[in-house]
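> Structure incoming, see below.
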Amino acid sequence: MGARRIVVEIRQLGVRLEHEPSAPDAGRRRLGFRIGIDTGGTFTDLVVMDEDSGQVKVVKLPSTPDEPSRAILAALEQAGVDPALASYLVLGTTVAVNALLQRRGARVLYITTDGFEDVPFLQRVDRKFHYDLDWERPLPLVARRDCLGIRERIDYRGETVTPLTREGIEDLIEAIRDRLADTDVESADVAFALNFLFSYVHPHHETVVRKALTAAFPDIPISASHEVAPIWREYERASTTIADAAVKPLLSRFIGSLDQGLRERGFSRSWSVMKSNGGQMLADTAGERPVQTVLSGLSGGIIAGQAFGEEAGASNVITFDMGGTSTDVGVVSDGRVGYTTAWEIEFGLPVAAPFIEMTTMGAGGGSIAWVNKGGLLQVGPQSAGAVPGPACYAQGGQEATVTDANVVLGRLNPDNFLGGDLPLDADLAHRAIARVARQVGLAPIDTAHAVVEIAVENIAEAMRLLTVQRGLDPREFSLVAFGGAGPLHAAAIARVIGTRATLIPPHPGLCSAFGTLLADIRVDKTWTHLVRSDNPDLADLDRRLETLVREAVEDLGREGFGGEPTIRRSANMRYLGQNYEEEIPIPDGTLTQDSWQRLIDGFERHYEAEYGYRIASEVIEVVQLNVSAVGESSKPRLSKLTPQAPAAARARRAVYFEPQAPVACPIFERSELSPADVIEGPAVIEELDSTTLVHPGQVLTVGERGLARLVWA
């Protein structure tokens, strides 16, 4: 796409945002406008909201992966705003996760207790495919030669077993110098990952070694496990600390470059980065704790999906974000976003940090259609990406993709893709689909339809994993569809999984950037400690909880929040002898015998609901205490649309909903729709960054704030 740009002022399209003053943004002085950014591997999206008028501008630019800040600064300039007038800026980014997935992180030197250097390679005993003898474990993000041990040891009670000595530290430094002899540290990305046994109980040895390494190698960043992942389970802690070290130089450089560019343009305030848990943190802190931003760019979409569900009165929603390369699916149940600490770079490479619970899969508009050795048609996870992209992009891509299939079916307008900024070559799409059709022995139209249906089934299966397999009925949920390709496929997916309604936000392609403006400040703290239900020290547990709460509130203050936070406490619990835990809320107030019993009862009720039984009279263990402190920020809100006459179709186009015959389908412009419109399918709704497909038998209406609702008649 080169330097093509897309700039739209949403207010001109009949939609704007208004500030809701009832939710104070404590600790922050209001100025002119807010800036929300979502930078991904393909596009960089910018949302600018004027806090006085509610006027909003959005900018969409191709990303610059070699220097992500360049696209962001260019988007600011093209938006025509003065950064000096911004009240605050929030960034969501996929820089960290892309670096991990593509293994483009720094060279990591892993330093651990002598004798445990192989832990990152031993990994766990589970296998991705139990009966696949050819399956190999993924390699960790560190070379075996770069795993170094130091003589020291602390036991599970925090007591020293093997003292740390000056000679041991000097030997370690010499070994590191030997490893780095062939590396130009000044020009190459190198980082240290420290992970000593039981450092989460007593971090003294890690702290001493980090201080010595900082003095000896001042230009090399260090990740210490007692700060990055203060949890038990040695391998999970090792993998997380290595991942943090791997992306630390890259993310620190990115944040530093963007901060410098903002300062040069007059922005003088602190700014924030989205965290994987759906909150935000100051940019300075993000550079020190990059592992907390791994799913930064994805969490904004789920936060926005939750808000649009609330706008429609739906407390149960499935968020569906489909872009060019991947699809992200999340669940909001009873108005609550789910959280997890079980995310993996790939199977067997865990990152133990707080994440919004979601499923990411290789299914997007650029997913490639191919035929396996058995002659069966497959779609994805391989992707044509942005360059060369689908065949219809006319940028050298030859493979047929989901986007090409939609062009062949008439569902996408080749002359109005991205507002006409990227015209599609329909002839190239037909040729690509025809090549696949010859391989499977079908007509091109049948093949194109099959490609879309397979993509729909793949995504529907991911949604089942997050709902049905967790005991949730998707028929009680609404689907919030966004991303460039989400609204195009949402109706078909909703039919497969049986959701009540489909909600299409205004400008769905920039929904994740809008979500950054909705994020609260959130801090999560954990403490690993084993406590048996038959012999609890409640006074000690209560002191630990108070310490975690105090530390979380202090971190909120350092991250710019000055109001009264919301505190949530929970415990990871299991039956004695089990290896995995369930997270159970801890009753408010001081822990007493009564509240302790309520916690135990809560675990048993949860366990029975989850697994269908409980183990009477069995000892229960608390393994970990958790505290979340949330500082609420003020929320932008959609304003009411200006009343206008019902929209008229701009044109008609032949669209295939089934392979047998095309339907003469009316084409509407999204910006012309208002609450006066009731559009019966079949129909196509086009806008700058997305296309909504209304199937026969469906009805689309528009709410007073511009949110489209799609239901089966």
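> From (1) over 27 Å from the mean Cα position of the chain (by Cα); (2) at pLDDT 90 or above; (3) closer than 25 Å to His695 by Cβ, pick out the condition that doesn't hold for Glu399.
Every listed condition holds for Glu399 apart from (3).
> Additional query: In region 483-494, which residues are assigned to a helix (DSSP H, G or I) and either under 20 Å from the mean Cα position of the chain (by Cα) or closer than 30 Å to Pro62 by Cα (or both)?
Result: Gly486, Pro487, Leu488, His489, Ala490, Ala491, Ala492, Ile493.
> Do we have any residue at all in region 99-120 that's polar (S, T, N, Q) and more than 30 Å from His529 (Cβ to Cβ)?
Yes, that holds for at least one residue.
> Among the residues of region 121-137, write down those that are open to solvent by less than 100 Å² (accessible area, probe 1.4 Å), more than 11 Å from Phe347 (Cα to Cα) and modelled with pLDDT under 85.
Passing the criteria: Asp132, Trp135.
> Restricting attention to region 295-304, does a residue exist that is open to solvent by less than 10 Å² (accessible area, probe 1.4 Å) and in contact with a Cys (Cβ under 7 Å, 6 or more places away or on another chain)?
Checked region 295-304: at least one residue is open to solvent by less than 10 Å² (accessible area, probe 1.4 Å) and in contact with a Cys (Cβ under 7 Å, 6 or more places away or on another chain).
> Output yes when any residue across region 231-247 is small (Gly, Ala, Ser), within 23 Å of the chain's Cα centre (by Cα), farther than 30 Å from Arg157 by Cα and surrounded by 24 or more Cβ atoms within 10 Å (Cβ to Cβ), and no when none is.
yes
> Would you check which residues across region 672-713 are touching a Cys at 6+ places or on another chain (Cβ under 7 Å) and under 18 Å from Pro508 (Cβ atoms) and list them?
Those that are touching a Cys at 6+ places or on another chain (Cβ under 7 Å) and under 18 Å from Pro508 (Cβ atoms): Ala683, Val684.
> Considering only residues that are open to solvent by less than 40 Å² (accessible area, probe 1.4 Å), over 30 Å from Val627 (Cα atoms) and either at pLDDT 95 or above or among the β-branched types (Val, Ile, Thr) (or both), which ones fall in region 177-215?
Thr183, Val190, Ala212, Leu213
> Kindly indicate which of Val531, Val523 is farther than 18 Å from Ala353 by Cα and either in contact with a Leu (Cβ under 8 Å, 6 or more places away or on another chain) or at pLDDT 95 or above (or both).
Val531
> Separate question: Inside region 376-392, can you point out the residues that are loosely packed, with under 14 Cβ neighbours inside 10 Å and modelled with pLDDT under 90?
Val387
> Specify which of the listed residues (Val337, Val317) is free of Cβ contacts under 8 Å to residues at least 60 places away in the same chain, over 30 Å from Pro120 (Cβ atoms) and touching a strand residue (DSSP E or B) at 6+ places or on another chain (Cβ under 6 Å).
Val337
> If Val480 satisfies all but one of (1) open to solvent by 40 Å² or more (accessible area, probe 1.4 Å); (2) part of a strand (DSSP E or B), what's the number of the condition it fails?
Just one mismatch for Val480, condition (1).
> If you don't mind, there's one more thing I want to ask. Tell me, please, whether a residue that is closer than 27 Å to Met358 by Cα and of a type in the set (Phe, Trp, Tyr) can be found in region 465-486.
Scanning region 465-486 turns up at least one residue that is closer than 27 Å to Met358 by Cα and of a type in the set (Phe, Trp, Tyr).
> Follow-up. Test each condition in (1) hydrophobic (A, V, I, L, M, F, W, C); (2) over 21 Å from His507 (Cα atoms); (3) under 18 Å from the mean Cα position of the chain (by Cα) for Leu109 and report the one that comes out false.
So Leu109 meets the others, but not (3).
> On to the next question. Failed condition for Ala460, given (1) part of a helix (DSSP H, G or I); (2) open to solvent by less than 10 Å² (accessible area, probe 1.4 Å); (3) closer than 14 Å to Gly364 by Cβ, with all others met?
Condition (3) is where Ala460 drops out.
> Which residues, counting only those in region 691-702, are surrounded by 18 or more Cβ atoms within 10 Å (Cβ to Cβ) and under 18 Å from Glu311 (Cβ atoms)?
Within region 691-702, Thr692, Leu700, Val702 meet the criteria.
> At pLDDT 90 or above and either closer than 30 Å to Glu687 by Cβ or of a type in the set (Lys, Arg) (or both): is that true of Arg558 in this structure?
So Arg558 does not fit the description; no.
> Within region 422-429, can one find any residue that is at pLDDT 95 or above and either within 24 Å of the chain's Cα centre (by Cα) or crowded, with 24+ Cβ neighbours inside 10 Å (or both)?
For region 422-429, residues at pLDDT 95 or above and either within 24 Å of the chain's Cα centre (by Cα) or crowded, with 24+ Cβ neighbours inside 10 Å (or both): present.
> Out of (1) closer than 19 Å to Ala99 by Cα; (2) at pLDDT below 90; (3) buried (at least 22 other Cβ atoms within 10 Å of the Cβ), what's the single condition that is false for Gly287?
If we test Gly287 against (1) closer than 19 Å to Ala99 by Cα; (2) at pLDDT below 90; (3) buried (at least 22 other Cβ atoms within 10 Å of the Cβ), just (3) comes out false.
> Next up: If you take the residues in region 495-536 that are part of a loop (DSSP other than H, G, I, E, B), more than 30 Å from Leu688 (Cβ to Cβ) and polar (S, T, N, Q), which one is most open to solvent (accessible area, probe 1.4 Å)?
Asn535
> Does region 255-266 include one or more residues that are β-branched (Val, Ile, Thr), open to solvent by 10 Å² or more (accessible area, probe 1.4 Å), touching a residue at least 12 places away in the same chain (Cβ under 8 Å) and part of a loop (DSSP other than H, G, I, E, B)?
No - not one qualifying residue is present in region 255-266.
> Just name the residue that is farthest from Leu298 (Cα to Cα) out of those in region 468-477 that are of a type outside the set (Gly, Ala, Ser) and assigned to a loop (DSSP other than H, G, I, E, B).
My answer is Asp473.
> With respect to Ala552, determine if the residue is in a helix (DSSP H, G or I) and either closer than 29 Å to Val47 by Cβ or not acidic (Asp, Glu) (or both).
So Ala552 passes the test.
> While we're here: For Ser87, which of the numbered conditions (1) open to solvent by 30 Å² or more (accessible area, probe 1.4 Å); (2) out of contact with any helix residue (DSSP H, G or I) (no Cβ under 8 Å at 6 or more places or on another chain); (3) in contact (Cβ under 8 Å) with a residue 40 or more places away in the chain; (4) more than 19 Å from Trp343 (Cβ to Cβ) fails to hold?
With respect to (1) open to solvent by 30 Å² or more (accessible area, probe 1.4 Å); (2) out of contact with any helix residue (DSSP H, G or I) (no Cβ under 8 Å at 6 or more places or on another chain); (3) in contact (Cβ under 8 Å) with a residue 40 or more places away in the chain; (4) more than 19 Å from Trp343 (Cβ to Cβ), Ser87 is out only on (1).
The values are calculated or read from the model by the stated rules, or taken from the named source; none is laboratory data. Since we're looking at a predicted model, the values are computed, not measured. Methodologically, a virtual Cβ is constructed for each residue, glycine included, from the backbone with ideal geometry; neighbour enumeration extends over all protein chains shown. We work out accessible area using only protein heavy atoms, side chains counted, and drop any ligands, DNA or RNA first. Shrake-Rupley method; radii C 1.70, N 1.55, O 1.52, S 1.80 Å.
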